[in-house]
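None of the figures in this text is laboratory data; all of them are computed from the coordinates on show. Computed from a predicted structure; not experimentally measured. Note that we place each Cβ from the backbone using ideal geometry, even for glycine, and neighbour counts take in every protein chain shown.
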Ligand SMILES: O=C(O)C1=C[C@@H](OP(=O)(O)O)[C@@H](O)[C@H](O)C1
Ligand SMILES: C=C(OP(=O)(O)O)C(=O)O
């Protein structure tokens, strides 16, 4: 709570009186004072017990408060500040709530010569089309943003006191410069209001009998709700923020022009490209608003509480393969024709890839229940995106994009979240430079990456220093744009989805021993893609069933590409009871239903050739090892240290918490199986670590709390529902951090 000696709110409209209501409700103990020129508003505020004392003259109450909130219209604010300034004491602080800041500050400077140090310009981003003291709402600021725009003269202590005021009402406080605030608000608030006013006015004037209102459907209602707002207030906003509003209007008009052209010429693809980009952006905005996206959730801690024990029984299908989902969008976008994808993974990683192609002008329908339709633009049809492409948490996306963007005629920048920004990108930047690409990285070869177009790539012979399907795929994609032949040699077999899918799209990739070979200058032809369930997601359930007495589980339609089945080979070698049922081939990829039952596991030395084939499944295989008899040894797995987290360290730390005996090495780990307990482990924001420790709870002596699990949404959005469905008891807790 603010430690103010009385808070005075001048202006008892919705904003001012809601602030009073919120302070009252949240337990502010000092005196609340209110002032409004309209004496009825003062009387109502007293009656509603929003204020302890009220008046129609601000001067009369000024000395009784240490903090004053000026909740009056923007146009009258400079005059009021000028009028009160001579009486302000050094211990007093004032703030305002106006929705434009630049013109207000200028007008105050004109009156007073400079901005007073005690005035903190502010703007709560909250409101409603309702107005007046009787609409006061104590929740109005809860989880809403308040933007403060202090200037050079503003006293930092004054800013801190105003921040405290708003935080006490549940608001999130942020600071922006005056100019930045006005430009952002012009786009996000002033422009939409202007459009709503104009649309209703235009339609209503043209429709004498006001038929539109009789037949207006939800769309009209939703779009025009804000046209009911206070006209005087909005006139003042447009007078005050003229230049920024005009700039926003210019951008809007050029967007409408594009859409108009598409409608006029009947260009369905152009329409779809604009509409689907907007629709997706709106849904994305919704998940941010509802705190559903992991990026929004990252601000808070999503914690899993996994009860110890539980059973594993049933028949489930885990979501689509992440590696194939990324590649389906990429090749579909670059193909000629329309690609229909089934089984697409609607996780944040593959959605980031999808969004990036929309930003490069590709029309994509969906995803809807795993179905995506991509209107390919051909190998040379991508358009330069307006800004950097944000690839979230996805190493696969960033590395594969590097290859295909190196072949474009425009320049792009690739960025990602905090985890991706720590991951090594030199492994792709260096060989791409050998092909003639021009790529800049941040220090240490980390993202962001800037990839300059028009470079004229040439094929190379490349010996990969590490077994990485991402590097191999990056170079094969660049190889399509290169002159001559590109050969990539891998030190151990890695997943070959790129090669298979390219071949499926009519672009041949040869295999000679340990080399994948592609010729430049070909083309891709669209075709349907059926993405099987992801064996990396299935792995959590394979281990869950293998370690749990009486378990019997069937996982449907799982991809069992030979370059991905390390987890099956390793578990079988440990003695697991796995059956591959109804093996079949779907769209060039082998698929099976996998039945797993409990059996006694024994420790093994994991064969090194299986490491790349089980690279993402190793964390959960450590849990199998913790439940096996004897020691399981892993070596030559230092790649685990450069994934979403340092997975060797993250797993070792968690195993220590549970009391599982182990020894960590630079490139591996020894784990001795046995009984273990529970405790609080940290996933370090890594989805695979979070899910591995969830599975560990099945055999733990006590519950396991897993911190920082929002990231599970990147690869396995329904994980919690599925584990609970088969018999684990895991609940999600949200902890504000
Ligand atoms: O090509 C791919 O789709 C992937 C390759 C692997 O990475 P590396 O190539 O870095 O080993 C794997 O860990 C990642 O989850 C997906
Ligand atoms: C390593 C992984 O993904 P990426 O490299 O795409 O971030 C993973 O999913 O485990």
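Brief remarks on what is shown
- Using a Förster distance of 25 Å, the FRET efficiency for residue 440-residue 514 (Cβ separation, nearest 0.05): 0.20
- For the range 325-527: relative contact order, % (alpha-carbon pairs under 8 angstrom, 6 or more apart): 20
- Degrees separating the helix 535-547 axis from the principal Cα axis of the chain, which is the longest one: 70
- With Cα atoms defining each centre, the range 511-530 and the range 393-441 are spaced 21 Å apart in the structure.
- Antiparallel bridge percentage (DSSP; both residues within the chain; nearest 5): 60
- Each label was represented as a point 7 Å from its Cα along the Cα-to-Cβ direction; for residue 413 and residue 595 these points are 5.6 nm apart.
- Shape class for the range 618-659, computed from the alpha carbon gyration tensor (a ≥ b ≥ c): oblate, with a/c not under 1.5 and a/b at or below b/c.
- Counting only alpha carbon atoms, the long axis of helix 268-289 and the longest principal axis of the chain meet at about 70°.
- Projected label points at residue 383 and residue 663, each 7 Å from Cα along the beta carbon direction, are separated by 6.1 nanometres.
- Mean projected area in nm² (Cα convex hull; one quarter of hull surface) for the chain: 36.2
- For the range 355-373 versus the range 1-52, the gap between their alpha-carbon centres in whole angstrom: 50
- Estimated from the Cβ-Cβ distance and a Förster radius of 35 angstrom, the FRET efficiency linking residue 135 and residue 198 is about 0.85.
- The alpha carbon gyration tensor of the range 595-693 gives principal lengths a ≥ b ≥ c with a/c below 1.5, which makes the shape rounded.
- Nearest-0.05 FRET efficiency for residue 452 and residue 172, computed from C-beta distance (R0 51 Å): 0.85
- For the range 325-527: rounded, prolate or oblate by the Cα gyration tensor [a/c cutoff 1.5]: rounded
- With the helix formula -39500 (n - 2.57) applied to DSSP H stretches of n ≥ 4, the chain reaches a computed 222 nm mean residue ellipticity of -11500 deg cm²/dmol.
- In plain terms, the residue of 396, 494, 421 with the fewest other Cβ atoms within 10 Å comes first and the most crowded comes last, giving 421, 396, 494.
- Between 0 and 90°, nearest 10: helix 687-696 axis offset from the chain longest Cα axis: 70
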